[in-house]
Structure formats: structure tokens, C-alpha cells
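Below is one structure, written out as C-alpha cells; the observations come after it.
The values are calculated or read from the model by the stated rules, or taken from the named source; none is laboratory data. Nothing here was measured: the structure is a model prediction, and the numbers come from that model. Positions of Cβ are backbone-derived with ideal geometry, glycine not excepted, and every protein chain shown enters the neighbour counts. Please note that ligands, DNA and RNA were not included when accessible areas were found on the heavy atoms of the full protein model with its side chains. Shrake-Rupley method; radii C 1.70, N 1.55, O 1.52, S 1.80 Å.
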Amino acid sequence: MSKSLLIRNIRHLVTCDDQDRVLEHVNVLIRDGVIAAIGAVGEPADEVIDGSMLAVYPGLINTHHHLYQILTRNLPEVQNLELFDWLRALYQIWKNLTPESVYDSSLAGMAELVKYGCTTVFDHHYVFPNAHPDLLPTQFAAAKRLGVRMTVSRGSMDLSEKDGGLPPDSVVQSLETVLRDSEEAVRTWHDPACYSMRQVVLAPCSPFSVSADLMRESALLARKLGVRLHTHLAETKDEETYLLKKLGIRPLAYMQELGWIGPDVWFAHGIHFNDEELKLLADTGTGVAHCPASNMKLSSGVARIPEMLKLGIPVGLAVDGSASNDGSSLMEEMRIAYLLHRLTSGDQAPSGYDILKIATRGSARLLGRSELGQISVGSAADLFAVREDRLELAGATFDVTSMLATVGLKGPVDYTIVAGNILVKGGSLVEVNDRELSQKVHQHSLSLRSKI
Ligand code: ZN
């Protein structure tokens, strides 16, 4: 049966559409998970929301995360380390992940994202302990429970400590196992349809934990199956030095050699690219997931986002894993991105609205989802709404397009809607009990620490 939701008399509708329209006092009608009409819609609906005090935005889209890292936030032992040492220390904990801890941490991370306006989550899961090689169903079950749209990666690592890599032997897999499981994951879980709630990406972890053969074969397999490719790249100078010393090649040239370039590829971080490399990304439509909080925390550097935007490189926003953020709020990430580039690029920095577009349209482009990231007729009904009479926004609502990045939002959004379903109402999750979930995650976290 057809299901409808009407948001009536919206005070400001920030569409992020191709004309960057901001509409006032309009109605949005949602039918069967899709935006059916915008304007003076007169017909009745199953459910009606009063929009007279609301600013309504397209849902935010997260393009890089490691949800299991919720379990290792704020660990005193790693707070002063940079990427390589930080990873070595944390793998000793992550190697003991279980399906239960992955389910609860995935649910908690996605729930936090949703509370702050996110409607599509991409997770880069690449730790598959030998005892638990099949964790994707667990993650999709968590997304379904919450009602959020999700893309999961079948990540992988095949270089362990004995090969000069960083992870312990028990969390790496052979090339044959990875390729077999990746193909099965795509065939079982990937729904390529428009408005799909469930997609799969192939995402070997990084050039320093994955062999050249696995990178190359993953690219061939992804193209055979019609799915996207993702990995970490150009995150630190250590990575650059590692590849230059080991193979005499810079990270992007290395990836290009392995077939990892093009509009179906996006890299997390992309900090240490030189001018020619930026041009190559632009010419090939290869994308970058910008993770400013993580980059600041791990002292990795500042991605050249203003130049990337000018060159037309696809750029999306991401929180990165919770061990290097240490949270899951794209709302906070937007403000951090805005302030970081103001500091380092001055008047060349992206505007508050540019940042919102990165987190919506830019992120949707990285995931290859043109039906997401905007509010227009025929788009997926993924959006969030904020009351304009909140104290922290007093006097700031005359430019609602930039407000979320320049002023920031200090609490959860008032509504988050995914595929026409209300996931957050009045700042609270509809389907998930925050406190119960928080306690479960805390127990998993204690249990993992006790095994160190
Ligand atoms: Zn990451």
C-alpha cells in the first residue's frame, strides 16, 4: 500500500539542487520513499509534519568510516601516536572483534550519525578476524534495524607483520579468500537499483597493508561486478616514504599502475597530492573523501580541498573511524571542515554552503548515487530538519544555506527522515534506545580491552 508523508509550510527548504534553490513556505510530499512533489501540494497524506519553524536540508552522506572503532575511542595508550604506530597498537585490540561487537558498534555509530542528520552511511570495514570472516550481514542487519541507507565495503588486508605490514597475522587473509568472499558479498548483498538501501563496495585497506596483486585483482573484480572501489590514500608522509623506499613510486602513480583511477574510485583523505596528481584526479573524475577531524587528530596534514573544488575533483565529507575522530557526527565535521580551511586558505576557503554541498551532493557523487544528496522531485526522500527557533541559532537564520557549517548545530537535529521514514523525532531516535545501546557498547569495549 502506498505510504505518504507531507511536510507542510516549510520555512526554509534548502534543496542543494542544480539551481541551488532555497524555497520558502513550501510543502514537500513524500510518497513510497521518494520526493513526489514540492510546492503548494493540496492532497492529504498519511502523516503530516508542521514545517512552519523548520529549515529542511537533504540528508548528509558519510563517505568513510570504520564503525567498529566506536569500541576503541579515547584510549589513553594511543592518544599521542601518529598513524603507523597508532595502527600497530590498535590492531592488537581489533583482532578480537566478534559479530556481536561489530553489530552493536555499527548500530551505535550509525545511530549517532543519524541523530546529526546523516541518512546514508558508508562503512569501510577491513578487519575480518580468522574466526569471524563474514561480518557484512551483521552490519546490514544493524542498518536495517535503524532504517538508514547503507553501503558496506568488503575490505581486505593480505600483508601482515611477517610481510612488513602493520596488522597481526590473524586478521589478514589470502588473496584467493578475499576475492572469493568479495564476489560472494556483492552477489548476495549489493542492490544496484535506484533508491537502493544496501550496496557493496570493494575496499582493500591501504597500499601498506595490501599487496599489489590484491589491489589489481580487486579493481578487475569490481569492474566485472559493476561496483565501486575505495581505499585509504595519501593520508600521511609515512605512507609516501614507505612506497618511495619500497617501490620507488609515489602513492597515486602506484594506484594508477594497478588500475585504481577513474570515476568509480574514491580515496579516503587524499592529503599529500602534488599539483600534477590533483590534475590527474580531476581529469579522471577520481574522488576524495575529506576527513578533517581525523587528519587533525593524527597530525596527518590538511587536504587541498579549495584547489580540488576549483579543479572539479569529486569531494565528499566523512568522519573517518571513531578511533581517530572520536565521534560520528557529520554536522560537527562540517564545522571543523569550514574552520580548518578558513585557517589555512583564508579567502580561498570553501563557504559554509560549499561545505554543505560537499556533505550532500559531493558525497552522493562518490557513492555513485545521483538520486541522493538533494531535495527534488524524484530524489530519494532522505532529509533532515532543524527548528529555526533554537537558542544556538538565534539571529543566524537569514542564511540557512551556510548556517550549519559557519554557526554549527550544537545538538541533534529535530527530524531525520530516510526513504520517507522518520528515524529521529524531536532529537531522539525512534527505533533505538540510546542508553541500552550505549551500555552494550561499553561492555564490548571493556571486554576487548581486558584481552590486551
Ligand atoms: Zn580510515
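Counted by Cβ distance under 12 Å from Glu82, the other residues give a net charge of -1, where Lys and Arg count +1 and Asp and Glu count -1. Per-residue ellipticity at 222 nm from helix content only, as computed over the chain with -39500 (n - 2.57) for each DSSP H run of at least four residues, stands at -10500 deg cm²/dmol.
If you wrap the Cα atoms of segment 229-308 in a convex hull and average its projected area over all directions, you get 4.9 nm².
In segment 354-452, the C-alpha radius of gyration followed by the widest Cα-Cα span (Dmax) gives 17.4, 53 angstrom.
Taking the longest Cα principal axis of the chain as reference, the axis of helix 434-450 is set at about 10 degrees. Spacing of the modelled spin labels on Asp238 and Ser447, each 7 Å from Cα toward Cβ, amounts to 3.0 nm. Between the helical axis of 237-247 and the dominant principal axis of the chain, each derived from Cα atoms, what acute angle in degrees is found, rounded to the nearest 10? Tilt of helix 237-247: around 40 degrees. Restricting the trypsin sites (Lys or Arg not before Pro) of segment 377-426 to loop positions (DSSP other than H, G, I, E, B) with no more than 13 neighbouring Cβ atoms within 10 Å leaves Lys410.
Please give the charge dipole size of segment 60-366, origin at the Cα centre, charges +1 on K and R Cβ atoms and -1 on D and E Cβ atoms. Round to the nearest 20 debye.
On the way: 29 positive and 36 negative charges, 159 e Å.
So the magnitude is around 760 debye.
Across the accessible surface of segment 60-366, with the other protein chains kept in place and a 1.4 Å probe, carbon and sulfur atoms take up 51 percent.
Rounded to whole numbers, the Karplus 3J(HN,Hα) couplings from phi for segment 39-49 are x, 8, 7, x, 6, x, 9, 5, 9, 10, 10 Hz, using 6.51 cos²θ - 1.76 cosθ + 1.60 with θ = phi - 60°, and x at Gly and Pro.
With protein chains left intact and a 1.4 Å probe, residues in the chain average 37 Å² of accessible area per residue. Every pair of different Cα atoms in segment 1-41 enters the Kirkwood calculation, which places the hydrodynamic radius at 10.7 Å. Calculate how many DSSP beta bridges within the chain are antiparallel, expressed in % of all such bridges and rounded to the nearest 5. Counting DSSP beta bridges with both partners in the chain, the antiparallel share is about 45 percent.
How much of the calculated P(r) for the chain lies past 32 Å, in percent of all Cα pairs?
34
Taking the longest Cα principal axis of the chain as reference, the axis of helix 330-345 is set at about 70 degrees. The residues packed around Ser182, meaning those with a beta-carbon under 13 Å from its beta-carbon, carry a net charge of -1 if Lys and Arg are +1 and Asp and Glu are -1. Taking only the C-alpha atoms of segment 3-94, the Rg (one decimal) and the largest Cα-Cα distance, Dmax (whole number), read 21.8, 60 Å.
With both labels modelled 7 Å from their Cα along Cα-to-Cβ, the Thr177 to Val302 distance reads 4.3 nm. What shape does segment 63-186 take by its C-alpha gyration tensor, where a ≥ b ≥ c are the square roots of the eigenvalues and a/c under 1.5 counts as rounded, a/b above b/c as prolate, and the rest as oblate? Taking the square roots of the gyration eigenvalues as a ≥ b ≥ c, segment 63-186 is oblate. Neighbours of Thr360, meaning other residues whose beta-carbon lies under 13 angstrom from its beta-carbon, give a summed charge of -3 when Lys and Arg score +1 and Asp and Glu score -1.
Relative to the current alpha-carbon distance between Thr284 and Ala396, full extension at 0.36 nm per residue lengthens the span by 36.4 nm. Reported to the nearest whole Å, the Cα centre-to-centre distance from segment 8-61 to segment 159-227 is 39. Here segment 432-449 and segment 366-411 have alpha carbon centers that stand 30 Å from each other.
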